[in-house]
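Have a look at the structure below, then the notes.
The values are calculated or read from the model by the stated rules, or taken from the named source; none is laboratory data. Model, not experiment: these values are computed from the prediction. Positions of Cβ are backbone-derived with ideal geometry, glycine not excepted, and every protein chain shown enters the neighbour counts. Just so you know, the surface numbers come from the protein's heavy atoms only, side chains and all, with ligands and any DNA or RNA stripped out. Shrake-Rupley method; radii C 1.70, N 1.55, O 1.52, S 1.80 Å.
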Amino acid sequence: MENHYDFQSIEKKWRAEWEKNPINKEDDVKPRYYCLDMFPYPSGVGLHVGHWRGYVLSDVVSRYKVLQGYQVLHPMGWDAFGLPAENFAIKNNVHPSVAVKNNVANVKRQLHEISAIYDWDREVNTTDPSYYKWTQWIFLQMYKMGLAYEKEMPLNWCPKCKCVLANEEATGGVCERCGSVVTKKNLRQWMLKITAYADRLLEGLDRLDWPEKVKKMQSDWIGKSYGAEINFKVVDSEEAITVYTTRPDTLHGCTFMVLAPEYKGLDKIVTADQKEAVDKYCFDASTKSSVDRMTNKEKTGVFTGAYATNPVNGKQIPIWVADYVLADYGTGAVMCVPAHDERDYEFATKFQLPIIPVIRPFDAEEDPTECYTGDGIMINSGDWNGMKAFEAKKAVPDMLDKMGIGKKTVNYKLRDWVFSRQRYWGEPIPIIHCEKCGVVPVPEEDLPVVLPDVESYKPTETGESPLAHIDSWVNTTCPCCGGPAKRETNTMPQWAGSSWYFLRYVDNHNDKEFASQEALKKWMPVDLYVGGIEHAVLHLLYARFYTKVLYDCGVVPFDEPFKKLFNQGMITKFDPTTGKSAKMSKSVGNVVSPDDLTRKYGCDSLRMYELFVGPPEVDCDWDDSGIDGVYRYLNKVWKFFATYKDQCIAPTKEMEYLRNKLIKDITDRMEALTMNTVISGFMEYTNKIIDLTKKQGGVDRQTLETMIILLAPYTPHIAEELWHEMGHTASVFEEKWPEYDPSKLVQDTVEIALQVNGKLRGTMEIAMNEDKDSVLTRAKELLESKFEGKSVVKEIYVPNKIANFIVK
RNA sequence: GCGGCUGUGGCGGAACUGGCAGACGCAUCAGACUCAAAAUCUGACGCUGGUGACAGCGUGUGGGUUCGAGUCCCACCAGCCGCACCA
């Protein structure tokens, strides 16, 4: 055994050996653990040190579970449809599938450098027809269930990507992918009725071991609110307007009403003399971008000339039109209570509409003069006077129901999912349009509908897919009547393939079904899902939705796919010129490649350093220089073994304590997924073990072997090498994760802190659980000089920890 | 604007249920080895005062609870993230 650490030959040797003899063999007797990474987009840029972080983390957990006796599913695949490959194809005039193939080969080569225990036999690629056949099949099931439907409506349109966006992809009015300001375009598109699952998507969150932040983001996105619908009659008209409100308690304070510019039936309400003004206002609103409508908070509006009757007090209130009311939320009509709603207050102030307070704060003497949104006592509200507002809020809907003027109802912010895209590189939507039969789904036996080759991948301005120009593909026969028909030319969004890929891994070679019930039962749901937080309301919401749909189809036996979620923090790079940290990207030119680091320090060092840089869920600036620390550590371990492994002594009591404490601390921290403290723990205990070894002139074999096994998930190559150096012929991963003996953790003596008036004035060694009086007496003697002649008025003793004397 | 998270040495960060703040590592400095450098090893390393043992201060700021607060409570400041007129 050499006296230095030759990581190059060690890593090469064991990587080849594990290739031949995988360490995570199929074994149906063992309990199972499914550890999943968010599968990557095979980008041409390749992996940087930020990608490693999540992959190393999940691999450490996977190897830890292997050592704990689990059979682990740790697969990898490619989310390969989507715009980057397509844009690359347009620019370089190569087929996207060729670019994907090259990129997959390159990224796969880089992934091998991590030495993760991926089961490559289970690899999936969303762009393989054998994969997207099932993506299309799932769409057909949704169509059959009435969950996929076509609708024409104003949609988010990204002028740069030249394609529609789902609401989730257009938050803040900008394109999630390219950052362009989104415009509205009226198009007929395929939609998925995710709103039908709003309640279940909300309720299911309670059962998940996910970061609270992500659960909150999803629940805010779903945005459930409780309230009432209330009917108002339009004065001198047959028309009626139904509003949605979460504050029915304030109904008596409603002094006007506002309709969205896109309100259906607006024409029938507007009076002749106001028609021109209203039409102009509505036209102007329609040309405003959603960003303008969102950021320009100055209220605008126009009077319709019409009045409605407040159903509880008969008062006539003016009906206005204003773009601060959204057409697609609630009923598109709002009852306005300026005394108790900030927006209505602003509007009323601007247009000099009456403000009537109907709630007085509990502690107030007088009625509020400004907008007040809190709880209080009802006033100016007829029969409701004297009620508590927030109690009235709950009681009023039922009262309105009995009076026949309203009803209790709930609303959601969640909208249906715009599912079609006007681009080439995606799954064709398996639908045929027949003049005679209308919309006809492609029969399941005709799947997959293969994406045809096309001359130009370029998207169009009109919202038409490039596929529309391939006559030979578009023109087909109707499966229903046999007559001429046309294929749907839109493709699915990139999210389609990623919404169910975790199901395919469990049975990826199955050509009869997307996965067998048996395999699904065996592996699903995923035990640990590791990935970035950027998918909090995109992929993660969609995947939950798909799972629930498939559950309702009876093809999966669970309705939540991911039991535990872990979001690893992003690795950023600090830029001294701007003083800020930025995400690593090729265009910024701040990418740190793992290749140079593995060449210089080895895979084991980089794996360890990736997790040592900080808490794994926290973002972190990359700094190469710290890797020296872990490299030195591994060399220290190597030298320690080289020096002592061949002259082991019998275990000593002190070493037994250290060994058991090491096992306990590492295991506890491992379970908490605080890998940075696991590694500092390794370093701390290794230092202690080495010191003790030097002191007692040797170390026992069990301590050495325990160290190797505990290190193995982090630094598998050096661990395997040391394990074999210890004389073993089987892999270290055949071993069992060690358990500690609590009785060995009890020490005879312990050092306690001594305080005078809460200030540290010394320490003292005592026997474990020594009698209180004995401790205090000895402590007082020790502290005599610190009392400065004052007398002790109080003694506080926390057993085995601290003694504090209060003197006066 | 609303909501959430975070704030500890020169730096990354430790500190389980309130109990010796700064573990572990990086950087720096000193020493050893060397003709020299690198590597390695040993030691120092929060700030202030003192030759010194020691003393005072110290976890964003200001209050509070407690024998005792990085940790709990209140108010504020700064940074990051999410949502953005959802009635």
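Taking a ≥ b ≥ c as the square roots of the eigenvalues of the alpha carbon gyration tensor, the range A:408-545 is prolate, as a/c is not under 1.5 and a/b beats b/c.
Sorted from greatest to least, the principal axis extents spanned by the alpha carbons of chain A come out as 103, 86, 54 Å. Computed 3J(HN,Hα) for the range A:516-533, one whole-Hz value per residue from the Karplus formula 6.51 cos²θ - 1.76 cosθ + 1.60 where θ = phi - 60°, is 6, 4, 4, 5, 5, 5, 5, 10, 7, x, 5, 6, 9, 10, 10, x, x, 7, glycine and proline marked x. What the Cβ-Cβ distance of A:VAL410 and A:TYR329 gives, at R0 = 22 Å and to the nearest 0.05, is a FRET efficiency of 0.95.
Its Cα gyration tensor gives the range A:322-423 an equivalent ellipsoid, and the semi-axes of that ellipsoid, as √(5λ) in whole Å with the largest first, are 31, 20, 12.
Alpha-carbon geometry of the range A:399-440: the Rg and the Dmax are 20.7, 56 Å, given in that order.
Once each part is reduced to its C-alpha centroid, what is the distance from the range A:98-127 to the range A:577-630 in angstrom? Cα centres, the range A:98-127 to the range A:577-630: 22 Å. For the range A:42-138, pairs of C-alpha atoms spaced more than 16 angstrom apart make up 62 percent of the total. Please work out whether the range A:1-81 counts as rounded, prolate or oblate from its C-alpha gyration tensor, where a ≥ b ≥ c are the square roots of the eigenvalues and a/c under 1.5 means rounded, while otherwise a/b larger than b/c means prolate and anything else oblate? Taking the square roots of the gyration eigenvalues as a ≥ b ≥ c, the range A:1-81 is oblate. Summary value for chain A: 14 percent relative contact order, contacts being C-alpha pairs under 8 angstrom separated by 6+ residues. Label-to-label distance, A:ILE806 versus A:ASN510, with points set 7 angstrom from Cα along the beta-carbon direction: 6.9 nm.
Beta carbons within 10 angstrom, averaged per residue: use that to sort the peptides A:692-698, A:791-797, A:706-712, A:632-638, highest first.
Packing order, densest peptide first, comes out as A:706-712, A:632-638, A:692-698, A:791-797.
Using a simple spin-label model with pseudo-atoms 7 Å out from Cα toward Cβ, A:GLU435 and A:SER237 lie 4.2 nm apart.
Taking every DSSP helix (H) stretch of at least 4 residues in chain A, weighting each as -39,500 (n - 2.57) and dividing the sum by the residue count yields a mean residue ellipticity at 222 nm of -11000 deg cm²/dmol.
Which links in A:LYS522/A:LYS548; A:LYS101/A:LYS548; A:LYS636/A:LYS664; A:LYS661/A:LYS694; A:LYS315/A:LYS393; A:LYS133/A:LYS458 stretch past 27 Å when you go from one Cα to the other? Intermediate results must be reported in sequence, preceding the final value.
Working: A:LYS522/A:LYS548 18 Å; A:LYS101/A:LYS548 32 Å; A:LYS636/A:LYS664 22 Å; A:LYS661/A:LYS694 19 Å; A:LYS315/A:LYS393 21 Å; A:LYS133/A:LYS458 25 Å.
Going by Cα-Cα distance, A:LYS101/A:LYS548 fall outside the 27 Å limit.
Mind running the shape call on the range A:529-665? Use the C-alpha gyration tensor, a ≥ b ≥ c as the square roots of the eigenvalues: rounded below 1.5 for a/c, prolate if a/b tops b/c, oblate otherwise. Oblate is the answer for the range A:529-665, as a/c is 1.5 or above yet b/c matches or exceeds a/b.
The Rg/Rh ratio of the range A:665-808, with both radii computed over alpha carbons and Rh defined as the Kirkwood radius, is 1.17.
Computed over neighbours whose Cβ is under 10 Å from that of A:TYR412, the net charge equals +2, Lys and Arg +1, Asp and Glu -1.
Its Cα gyration tensor gives the range A:116-261 an equivalent ellipsoid; the semi-axes, largest first and in whole Å, are 39, 22, 18. Taking the DSSP beta bridges with both ends in chain A, the antiparallel portion is around 75 percent.
Which percent of the accessible heavy-atom area of chain A goes to carbon and sulfur, probe 1.4 angstrom?
Values: 18220 of 36410 Å².
Reported share for carbon and sulfur atoms: 50 percent.
Once you have the Cα-Cα distance between A:ASP453 and A:THR763, take 0.36 nm times their residue separation minus that, and quote the gain in nm to one decimal. Intermediate results must be reported in sequence, preceding the final value.
Values: separation 310, 0.36 × 310 = 111.60 nm, distance 7.92 nm.
That works out to 103.7 nm of additional length.
Partners of A:LYS808 within straight-line reach, counting lysines whose Cα lies under 26 Å from its Cα and excluding those fewer than 8 residues away in the same chain: A:LYS759, A:LYS772, A:LYS780, A:LYS786, A:LYS790, A:LYS794.
Note on A:GLU617 and A:THR309: their simple-model spin labels are 5.7 nm apart, each label 7 Å out from Cα toward Cβ.
Taking every DSSP bridge with both residues inside the range A:231-326, close to 75 percent are antiparallel.
Between A:ARG632 and A:LYS653, what's the calculated FRET efficiency when r is the beta-carbon distance and R0 is 22 Å? Round to 0.05. In this case the efficiency is close to 0.15. The H on the amide N of A:CYS478, modeled in the peptide plane, is under 5 Å from the matching H of A:GLY483, A:ALA485, each at least 5 residues off or on a different chain. Reported to the nearest whole Å, the Cα centre-to-centre distance from the range A:403-436 to the range A:300-346 is 28. Near the amide H of A:TYR41, within less than 5 Å, lie the amide hydrogens of A:ASP79, all on another chain or at least 5 residues away, with H placed in the peptide plane. Let's test the formula: R0 of 41 Å, r as the Cβ-Cβ distance of A:LYS522 and A:ASP748. What FRET efficiency results, to the nearest 0.05? Using R0 = 41 Å, I get an efficiency of 0.25.
For the range A:1-109, the per residue solvent-accessible surface stands at 42 Å², with DNA, RNA and ligands left out and a 1.4 Å probe.
Rounded to whole numbers, the Karplus 3J(HN,Hα) couplings from phi for the range A:561-574 are x, 10, 5, 10, 10, 10, 9, 6, x, 7, 8, 10, 10, 6 Hz, using 6.51 cos²θ - 1.76 cosθ + 1.60 with θ = phi - 60°, and x at Gly and Pro. In sequence order, the range A:349-360 has phi-based couplings of 5, 5, 9, 6, 9, x, 10, 10, x, 10, 10, 10 Hz under the Karplus curve 6.51 cos²θ - 1.76 cosθ + 1.60, θ = phi - 60°, and Gly or Pro positions carry x. Straight-line reach from A:LYS436: taking Cα to Cα under 24 Å and skipping same-chain neighbours fewer than 8 places apart, the lysines in range are A:LYS144, A:LYS151, A:LYS486.
If you average the alpha carbon positions of the range A:453-528 and of the range A:704-750, how far apart do those two centres end up, in angstrom? Measuring centre to centre over Cα atoms gives 48 Å.
Give me the net charge for the shell around A:ASP363: Cβ to Cβ below 14 angstrom, other residues only, Lys and Arg +1, Asp and Glu -1. Mind showing how you got there, number by number?
Numbers: positive: A:ARG360, A:LYS388; negative: A:GLU365, A:GLU366, A:ASP367, A:ASP375.
That sum, taken over residues with Cβ under 14 Å, equals -2.
Using only Cα coordinates, the Kirkwood hydrodynamic radius of the range A:305-361 works out to 12.5 Å. Cα-based radius of gyration for the range A:488-550, normalised by 2.2 N^0.38 Å, reads 1.22.
Could you name the lysines whose alpha carbon sits less than 19 Å from that of A:LYS280, not counting residues in the same chain fewer than 8 places away? The qualifying lysines are A:LYS184, A:LYS264, A:LYS268, A:LYS288, A:LYS299.
Calculated on the Cα set of the range A:473-602, radius of gyration then Dmax: 21.7, 68 Å. Accessible surface for the range A:572-701, divided over its residues, is 47 Å² per residue with a 1.4 Å probe.
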